[in-house]
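*Asks:* Just passing along the structure, written as structure tokens.
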Amino acid sequence: MDEYLPFIVIGLTTGAVYGLAGLGLVLTYKTSGIFNFGFGAVAALAAFVFYYLYVDEGMAWPLAALITVGVFAPAVGIAMELMGRALTGASEKLKVVATVGLILVVIAIGQFWHEINPPSFPHFLSQDLVRVADVNITYEQIIIFVFSASVSAALWWFFRSVRLGIVMRGLVDSRDLVAMSGDDPSRVRRWAWIIGTVFAAIAGLLLAPGHPIDGVSLTLLVFAAFGAAAIGSFDNLPLTFAGGLLIGIATALVDKEAGTITWIGGIPPALPFVFLFVVLIITPRRRLARRNLPSFERVLRPYHAPLRLRLLAGAIAITLLALVPVVQVDRLALWSTALISIILFLSLGLLVRNSGQISLCHLTFAAVGGVAFSHFTTDSGWPWLVALVVASLVAVPIGALIAIPAVRVSGVFLALATLGFAIIMQYVFYGRDYMFGSTALGVAAPRPAVSLGGWDLSSDQGFYYLLLLITVLVVLGLTAITSGRLGRLLQAMGDSQLALETKGTNSIVLKLIVFCISAAVASLAGALMSMLFHYATVFYFQPFDSITLVVLVTIITIGDPWYAVLGALGRVVIGGYFQGSTVSNFLLLFFGISGVAAVYGTRIGGMPKSLQRFLDRVGGRRPAQPGVGASERSDRPVSVPLVRPVSATATGLEIRNISVLFGGIKAVNGVSLDAPMGRITGLIGPNGAGKTTTFNVCSGLIKPGVGSVLLDGVDVTRESPSRRARRGLGRTFQRPELFDSLTTRQNVSMGCEASMAGASPSAQLVSSRAGRRDIADAADAALAITGTNGIADLQVGLLPIGQRRLVELATVLAGPFDLLMLDEPSSGLDGNETQRFGEVLTTVATQWGRGILLVEHDMTLVRGVCDHLYVLDFGSLIFEGSPEEMLLSDEVQSAYLGSTATTSEHGPGSPRSIEPAVQGE
Amino acid sequence: MTNIRGKFCAAVAILAMVPTLVMGAAAASTPRSSPRATAAGAPFKVGMVCTCSGTFGAAFGGGAAGFQAWAKTIDASGGVGGRQIELTVKDDAGNPGQASTAAKSLIDDGNVVIIDMSLVSGAWNQLIQDAKVPVIAGPTAVQNPYTFWVGQTTGAGSGNESLAKIAKSAGVKKLGQLYCAESPSCTEGASQLKSDMQKFGLSVVYQAEFASNAANYTSQCIAAQNAGVQMLLVGSQPSTISKVAADCSTQGFKPKYQIGVIQWSPAMLSAPGLEDGTYGAAGNYLFFDKKQPEIARMQKAMKKYYPDVISADNADTPSELVVTMWAGGVLLEKLLPQISSDASKPITRQQFYDGMYTLKNETLNGLSSPITYVKGSNNTLSCWFTAHFKGGKYAVDNGGKYTCPTAA
């Protein structure tokens, strides 16, 4: 033990700074719901300011530190709060892009300030020594440790005992609740950002001495805080501080052993991410999802020009690109790189744009392809085409590996996992012989020594045309994929994974498919890049460049595949036409600022309507017919032909004695109920009675502590939501879960197509003609019965709540669902709409023979349509019987209905307690 | 291929540690051509592929400035044998693809000789051999029959012998080595060190990979101290080397250090732990010795044409890389008049290539060990100069005389 003690002491002193940085990171995440990837960049910015004051201006260090921490950092905190406010309700993707954009901004500032050879500043705290456990410790290290530990303890106390701290904790969960308690949510959040930013600044000043003052070094150093935050589950402050200490100790011990175990030498810088990766894999999904709130951002539907115009534009683009070897012969390598970048952007776009996933390790996939191709050709002597194809496929299992965290988590955690993967690969694996080896030149990657007629593929010109051909093929291939079923499923998943799963699609399989395809295409790009320059080298595959790729794919809002073309021009071509790094720095700054402001771009972005109309007219597309109003629809007959008979074996839904515990509270307590076919069964009760929780148990979103769920007599208690959906269980949500970027018809079609896609990779990839016909027929019938024909071509994300509820009903009616669970479906409908809604439900149950389990507060509707009722209170059943019997029940009267129940138009809905805020938990 | 890789690795390992010269890169990062010849003779076209921007841009750019300063000095004095030097610099930014394009462009433009200031020379190695273009080597050049070295060839096999001899002269027997994790080149040299040192009766008792941006290096210091290290070899950037020495010094561990002279920067002279007892080998004569006439001439030119390179290093001494490039210029100065006395006729690549083999024991005014290239070989040099820090100042070892390997 004595042998290790000095290293533990060293690790504690270093880990204290990581812990301190982790505290600030978790603090802002807890209070804003935004994980600040740019936390290290903020630390670097503070170090810039301190250096300027302390070194350039010759200011005394206490004064320089005071100005940095006391004035500059709070100002940045206020700016960050403004950014955070703009991101309220934005998607996780935009939150990640905004904060990684900050990294690019700070790197660019650093490069403008000291383009080369960034300076460093000396230690400013006392370097006098104390001997502890056979190791000399400076007073600086003691001060840092004591300060960090004290701050950790103080923050822990602050969040538990001080009103502002308690309010901060509540801020993410419910902004309204904070407002109701008399506090200004913006003020509280601003304070949280200020405190968090001050922590970042302190960490920056403490870590910076002796290090180059640039954007990259400190950002990388502060990444250790991410691991600390992960150990604290991104929530627990003392545990975060302990996590920082743990990382510090582990790093010191690995450094110690690196002298005898050589292969661990590259691990220390990647160690925080190893912790992070492990935490993301083993931490229960429920805990990680806690701050992953639903997005309220309006989703813009991408505009697609008429096919005729798109083909014409494509032909022009290909022609122009084909002329490059003639008119830009001196810059052939530049344009070749641009073509490869197009492939790279498209592969990333498949993830980020089409499916709403995030990957900060995309160039790592490309690196795998590059080195694989090189080793296959130079070491194994494979023919180039075979090597190219296999090199592309080599990344597939790696894509599947990354899909593991993607399956479990999404948004910020997926971004963290992929960033961690990229950094681990760089530090631990890039230098190995089976990757780039031990030279800066990398490994040789020969071009094809093939000549087809006069087309020499190994020449610069010949290889350019080969790249152009491959790029066109990739564009066509990915366009075919995204235009087909897989594309529709991905877009739907990007909008609402929950809705997709509860309609029958296995999202695990879907994510696996998309990560594997994306990785394979990126890998192809990596192999081509290596061939272009004859060598696969780390130069082309730096992890930080993946950040730029993600930012560009997000901020360029034009449609497929043009965003990739524009991205390649911005990332590769423009800079290539200018010597020196000034233009590159300006571009980096521009990309960074655009990333930070991406949320505004996605709100106002997209093609102007006037231009869309012009293109439609030129392209021969007929203008869309205006939608039919709700009043017109309500006069239409509701009778429609039965599309699909109920399954002969369908008997309905039974739940037996289910109980659900949330912490120490029993949300559902021994509930049993039946919802047979052809009957409308009501489930009512006051808010907080456990109705939605019961629904979530039935659909598989919550696993009950005890009890079982039977569908058509089969025990489905342990089955996934998608499996239950495919067995015939459809549901709607209290807050409609729709695919907001799709039209009404596409949403309704997805109600049917999602279960057809199911869990089979082949079924998720392609659809048959007969299948598409069935989907169209089912959608037509569902649109007709719900009277939503008139809004069939409108984007659902732009519809009012009443119409959204009708659309959600139509999606479950279109699907192969025998048993429908409808959660407060009439909420937001007016009187006429509710009456018509009731008629639809009755038709569905009586004419279509389907079973309905209805949660509803509108007692008029309940009494009008329900054949049988269950009443829940405090998680327990208090009544079962007909609507008439319910009215005579004293227990129901006192617990739920009250004295006005029989005359009230809408239900009582007494807010005795609050149902779980996040659906699906 | 193995030879090329090995050679390249060792070279890059050194470059990973090159001291940075702040403004040099800025000066060299923009390709420049000297003014058209004003002398009557045909200009002598020289191209340079330079990693003048990117991570190593500062160091390489500073080195490039050394050759540019020589060219300006020569042009200002009327040229070499009546010929002006027409220099074109192409920046490859450390990108093999750009380097290849740059080299091809210089070859196509009819440059007679190419100066290699590129980190990724391997990317255009084959191009220059195919075009039979002579190359004057920088520190990371690749060995081939068309590349000519003007200082000790990195990776030629004499590198570790110089390490061993310097260690022995410093009176140590147990070596330790820390090498950077970021630069892939660091690892390969490390694997050879143990066996090479054993040949000289030295033992490597501690070797570890480390990150250049670690919060501190105390763990490595204690581990090295516990292993009984007497001399520590540190392969990283100058600021990291200084930080390692400072952290070790804090722990009371003050071994001797051996850092290649090409990595030395004035800031190291005052770094705790380094100020006394830091040793190193140089491929060319020592950049700081103003008493040496050619070094004095070089420094005068640098002050005139690239004062920022000198001032950026916070002293009046440019780095060793500048000396290597200046030596390349001196080689042209010696050779061109020998090749052709008729300045009106352009010199061809073949003439220049053949001319290189006419040099006999040429020391480039004392900047190099004697040079005699032999046809059919890789034109390498294996001798070195040594120096150390004493009392916070640079000191010349061995009276400024070069040392050669035992077999040489």
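*Asks:* Which FRET efficiency value, to the nearest 0.05, do you get for A:Glu891 and A:Asp867 by plugging their Cβ-Cβ distance into 1/(1 + (r/R0)^6) with R0 = 30 Å?
*Replies:* After rounding, the FRET efficiency stands at 0.90.
*Asks:* Within chain A, which DSSP H helices have Cα atoms that stretch 27 Å or more along the helix axis and a mean Kyte-Doolittle hydropathy of at least -1.0?
*Replies:* Span-like helices in chain A: A:5-32, A:92-113, A:139-161, A:185-207, A:237-257, A:307-327, A:384-408, A:460-483, A:507-532.
*Asks:* Using only DSSP helix segments of four residues or longer, with each worth -39500 (n - 2.57), what per-residue ellipticity at 222 nm results for chain A after dividing by its residue count and rounding to 500?
*Replies:* Taking each H run of at least 4 residues, the total per residue is -17500 deg cm²/dmol.
*Asks:* Hey, another quick one. Return one whole number: the accessible area per residue of segment B:254-408 in Å², for a 1.4 Å probe.
*Replies:* So segment B:254-408 comes to 40 Å² accessible per residue, rounded to a whole number.
*Asks:* Pulled fully out, how much extra length does the chain show between A:Asp793 and A:Ile166, if you take 0.36 nm times their separation in residues and subtract their Cα-Cα distance?
*Replies:* 221.1 nm is the gain from fully extending A:Asp793 to A:Ile166.
*Asks:* How many lysine pairs are close in chain A, with Cα atoms under 25 Å apart and the two 8 or more places apart or on different chains?
*Replies:* Lysine pairs meeting both conditions in chain A amount to 12.
*Asks:* Quick check on my link table: of B:Lys303/B:Lys334; B:Lys132/B:Lys360; B:Lys304/B:Lys360; B:Lys90/B:Lys304; B:Lys173/B:Lys254; B:Lys243/B:Lys393, which ones sit more than 25 Å apart, alpha carbon to alpha carbon?
*Replies:* From the list (B:Lys303/B:Lys334; B:Lys132/B:Lys360; B:Lys304/B:Lys360; B:Lys90/B:Lys304; B:Lys173/B:Lys254; B:Lys243/B:Lys393), the Cα-Cα distance tops 25 Å for B:Lys304/B:Lys360.
*Asks:* List the residues of segment A:122-163 that lose 40 Å² or more of accessible area once all protein chains are present, compared with their chain alone (1.4 Å probe, heavy atoms only, no ligands or nucleic acids).
*Replies:* A:Asn136
*Asks:* Continuing with the same structure: Using a probe radius of 1.4 Å on heavy atoms only, what accessible surface per residue do you get for segment A:479-602? Whole Å² is fine.
*Replies:* 29
*Asks:* Hey, another quick one. Can you compute the label reach from A:Asn657? Point 7 Å from Cα along the Cβ direction, backbone N cut-off under 20 Å, restricted to segment A:698-718.
*Replies:* Of the residues in segment A:698-718, A:698, A:703-718 have backbone N under 20 Å from the label point off A:Asn657.
*Asks:* Restricting to DSSP loop positions (anything but H, G, I, E, B) with no more than 11 other Cβ atoms inside 10 Å of their own Cβ, which trypsin sites (Lys or Arg not before Pro) remain in segment B:220-298?
*Replies:* Qualifying residues, ordered by number: B:Lys291.
*Asks:* Separate question: Whole Å is fine, so just give me how far the alpha carbon centre of segment B:108-142 lies from that of segment A:518-564.
*Replies:* 30
*Asks:* For A:Ser762 and A:Ala315, what is the calculated FRET efficiency with R₀ set at 35 Å and r taken between the beta-carbons, to the nearest 0.05?
*Replies:* Taking R0 as 35 Å, the efficiency between A:Ser762 and A:Ala315 is 0.60.
*Asks:* So, one more: I want the antiparallel fraction of DSSP beta bridges within chain A, as a percent rounded to 5.
*Replies:* Taking every DSSP beta bridge within chain A, about 65 percent pair in antiparallel fashion.
*Asks:* Hey, another quick one. Simple spin-label model, 7 Å along Cα-to-Cβ: A:Thr582 to B:Ser105 in nm?
*Replies:* 1.8
*Asks:* How much of the accessible area of the protein assembly as shown, probe 1.4 Å, is carbon plus sulfur, in whole percent?
*Replies:* Its accessible area is 59 percent carbon and sulfur atoms.
*Asks:* Sticking with this one: 5 Å is the cut-off here: which amide hydrogens, built 1.01 Å from N in the peptide plane, fall below it relative to B:Leu119, excluding neighbours closer than 5 in sequence?
*Replies:* Sorted by chain and number, the residues that satisfy this are B:Thr51, B:Gly94.
*Asks:* Can you figure out the FRET efficiency of B:Gln338 with A:Leu66, using R₀ = 56 Å and their beta-carbon distance, to the nearest 0.05?
*Replies:* Rounded to the nearest 0.05, the efficiency is 0.25.
*Asks:* Points 7 angstrom from Cα along the Cβ direction at A:Thr260 and A:Thr842: gap in nanometres?
*Replies:* 8.4
*Asks:* Now for a different question. Just to be sure I understand the model, the point goes 7 Å from the Cα along the line to the Cβ. What's the resulting A:Asp235 to A:Ile281 distance in nm?
*Replies:* The two pseudo-label positions are separated by 2.2 nm.
*Asks:* Continuing with the same structure: Quick check: convex hull of the Cα atoms in chain A, volume per residue, rounded to a whole Å³?
*Replies:* 184
*Asks:* Just the accessible area per residue of segment A:27-95, please: how many Å² with a 1.4 Å probe?
*Replies:* 31
The values are calculated or read from the model by the stated rules, or taken from the named source; none is laboratory data. Since the model is a prediction, treat every value here as computed from it, not as a measurement. Glycine gets a Cβ as well: all are built from the backbone with ideal geometry, and neighbour counts include every protein chain shown. We work out accessible area using only protein heavy atoms, side chains counted, and drop any ligands, DNA or RNA first. Shrake-Rupley method; radii C 1.70, N 1.55, O 1.52, S 1.80 Å.
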